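Below: one structure, written as C-alpha cells.
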Amino acid sequence: MTRRAALHVCCAPDATVPWPALRDEGYDIAGFFYGNNIHPAAEWLARAEAVRKLAGALDGECEIAPYQADAWFALTRGYESEPEGGGRCAKCVRAQLMASAEFAAKHGAGFLCTTLTISPHKNPAVINEIGESCASSLGLVWINRVWRKGGGFKLSAARSREMNLYRQNYCGCVYSARREKEPASHGA
Ligand code: SF4
C-alpha cells in the first residue's frame, strides 16, 4: 500500500536527494515549500521557481505557500541578533514544520519529513525533535532522517548542478544574508 507523505522542501537543491529517496522507500510524496523566511522577495521568487523546476523534473507536485514575510518578521521579533542555530532559527524551523504538518493533514498525508537535515549548517537532532513535535500534534508520523549522512549533501550539490537549479549562498532570512558570503548552498 502506498503511504502518502508530505515533504517540507526548504529549497530545490536540498530536496534533490530526499524526494527520490523517500519515493524509493515507497512514499507517495506531496511537496510543500514554505518561504516566509526567505528575503528579499526576489530571492523567494528565485527559490520558488527552482522548486517548481525540480517538481517538474521529478514529475511530482509541490505546493508553494503564499509569501507572507511580515508574519515571519512578527514571529521572530526580538531575536534579530541571534546567531544561526539559536533561538530565532528554532522559531523559524518550527514555523516551517508546523505549516508543513498543517499542509499534510489537509492533504491526507499521514507522514511528514523535511529536507532541512541535508544541510551541514543545521543541527539535525534539533530539527527532528521539532518535526516530531509538530507532526505528533496533528496525529502524523514523523519520518526521522539525517539526509546529510553518507555524502547526502555532496550528492545534492552534484544533482542540483546537473539539473541547473538555482543555488543560494545563505540560509534565507535577511539576518543570514548579512552574515554569510561563502558560496555553499544551504536552504532555510
Ligand atoms: S538563519 Fe535560516 S533557519 Fe535561521 S532564522 Fe534565518 S532563515 Fe530561519
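FYI, it's all coordinate maths here, none of it is from the lab. All values reported here derive from a predicted model rather than from experimental measurement. All Cβ positions, even for glycine, are placed from backbone atoms using ideal geometry, and neighbour counts span all protein chains on display.
Structural descriptor for the range 1-127: relative contact order 37 percent, calculated from alpha carbon pairs under 8 angstrom and at least 6 residues apart. A convex hull fitted to the Cα coordinates of the range 1-147 yields 103 cubic angstrom per residue. Approximating the spin labels as points 7 Å out from Cα along Cα→Cβ, the Asn164-to-Ala41 distance works out to 2.8 nm. Here the residues Ser119, Ser137, Ser160, ranked from fewest to most Cβ neighbours within 10 Å of their Cβ, fall in the order Ser137, Ser160, Ser119. Which distance in Å, rounded to a whole number, links the C-alpha centroids of the range 3-29 and the range 136-170? Here the two parts' Cα centres lie 8 Å apart.
The residue list Cys10, Trp44, Ser160 was ranked by how far each Cα lies along the charge dipole of the chain toward its positive end, using unit charges on Cβ atoms, and Ser160 comes out on top. In the range 76-188, Cα pairs under 8 Å separated by at least six residues give a relative contact order of 22 percent. Whole-Hz Karplus values for the range 167-174 come out as 10, 7, 10, 8, 4, x, 6, 4 Hz, taken residue by residue from phi with 6.51 cos²θ - 1.76 cosθ + 1.60 and θ = phi - 60°; glycine and proline positions read x. Under the simplified labelling scheme, the Glu82-Val174 pair shows an inter-label distance of 1.7 nm, with each label point 7 Å from Cα along Cα→Cβ. Measuring nothing but how far apart in sequence close Cα pairs (under 8 Å, 6+ apart) lie, relative to its length, the range 23-97 scores a relative contact order of 34 percent.
Its Kirkwood hydrodynamic radius, worked out from the mean inverse distance over all distinct Cα pairs, puts the range 1-75 at 12.9 Å. The ranking of His107, His39 from fewest to most other beta carbons within 10 Å of each one's beta carbon is His107, His39.
Taking amide H as placed 1.01 Å from N in the peptide plane, Glu63 has its amide H under 5 Å from the amide H of Gly31, Phe32, Phe33, each at least 5 places away in sequence or on another chain.
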